[in-house]
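Rule-based calculations on the coordinates, nothing more; no lab input. What you see is a predicted model; the values in this text were computed from it and never measured. In this analysis, Cβ positions are derived from the backbone assuming ideal geometry, glycine residues included, and neighbour counts consider all displayed protein chains.
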Amino acid sequence: MKITDIVSEIFEWERPGIWNGGHFYGPGRLHKVTVTTDEGITGYGWNGGTAAERPLGMFPGYVDYFRTLLIGRDPMDTRGIATDLGEKQIKILGPGGINTQVLAAINIACWDIKGKALGKSVHEMLGGAQSRIRTYIAGGYYAEGKGLEELKDEVRFNVEEMHAGAVKIKIGDPNQGVAGDMRRVEAARQAVGDDVTLMVDANCALDLATSLEFADQLKEFGVYWFEEPLPIHRYQDHGTLASASDIKIATGENGYHLAHFETLLDHKGADILNVDVTICPGYDVAKDVTDLAARHGVSVAPHGCQELQLPLAAAIPHGEFLEYYPVAVDPLRAEMFMPHLAPDSDGYVTVPDRPGIGFELNMDFLKRYQL
Ligand SMILES: [Mg+2]
């Protein structure tokens, strides 16, 4: 089989602004790549979603650059493509960034083709260890006019209406300080009760001293994990924090290369890896990261678009959680993907066995927002 073309499309829609410790997110955005083959099989991959403040308008330029390297290649050789367009392009494009995010979408589309050609799901091809996986509901962002009561309503809704057994909220906004954020953590714990797993996420906003202060206080509220406390390359600080902290340190959503995770774990800097297949880039490298995690006795809870992360998270025995974005984070989520993925009454999701990724973009709906 040979790749005959690759097409890039971008979409944008209005959405109420939200922010975390480090970034403001305005409009929702999505970048889609379509890879076509001489055997009539078409694969799809995409970037974007919640953290859509990234400049997706620049993505098609990278697809143009990669196109000449892809046409005529066998899409089944997903690893060869990941290496040749990633590792071997470091001198030209740099080690990670928009180039590797675009490569991720291409790699995902090629896995989609491979699955459709073999009649197997990506989940099965990656190991297929779990048929169902526990979710946690992401959210608890900062937003205009959102106080403690609104935060409580949100996490309570996630538990009562969305069947969440686990929820996450943001900390790290410099305007809140440790005291302000701890009031939010306390409010969230009050709202969900003691039986629900609670996580916090600082999106790299903190320094080591503040992270240590948080870690000490978060344990009082039974917080399960403390996500991305520090800038990603502060490996030594991650090690110091993880060894001093009674709660688990989770990180990895911005890890763009296997070497990042190797260095992080060499420093014993994390208990849970939040690898993201749209960042790292793609299923081949992500599987390498999960294999590395297994060797270190560390679990995996992927970050990002649940439809793309599910095949990986549930493929491995140490896939602990799937992050799930509800419509509160992006109203279009309910209609953007086909079929709609939602937690069952026990807070788990069931992995589809359809060939390929198992999900597609709803283009009848999305075309309204195409740029
Ligand atoms: Mg995060």
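Arrange the following residues from fewest to most other Cβ atoms within 10 Å of their Cβ: Asp195, Asp84, Asp330.
By the 10 Å Cβ count, ascending: Asp195, Asp84, Asp330.
Return, for the Cα atoms of region 238-281, the radius of gyration and Dmax in Å, separated by a comma.
Calculated on Cα positions, Rg and Dmax stand at 10.4, 31 Å.
Pull up the cross-link candidates among the lysines for Lys91, meaning alpha carbon to alpha carbon under 25 Å and not fewer than 8 places away within one chain.
Leaving aside lysines fewer than 8 places away in the same chain, those within reach of Lys91 are Lys287.
Counting only helical runs of four or more DSSP H residues, what would the 222 nm mean residue ellipticity of the chain come to if each run contributes -39,500 (n - 2.57) and the total is spread over all its residues?
Computed ellipticity for the chain at 222 nm equals -11000 deg cm²/dmol.
Kindly provide the Kirkwood hydrodynamic radius of region 124-360 in Å, to one decimal, from all pairs of distinct alpha carbon atoms.
Taking every pair of different Cα atoms in region 124-360, averaging 1/r and inverting gives 17.9 Å.
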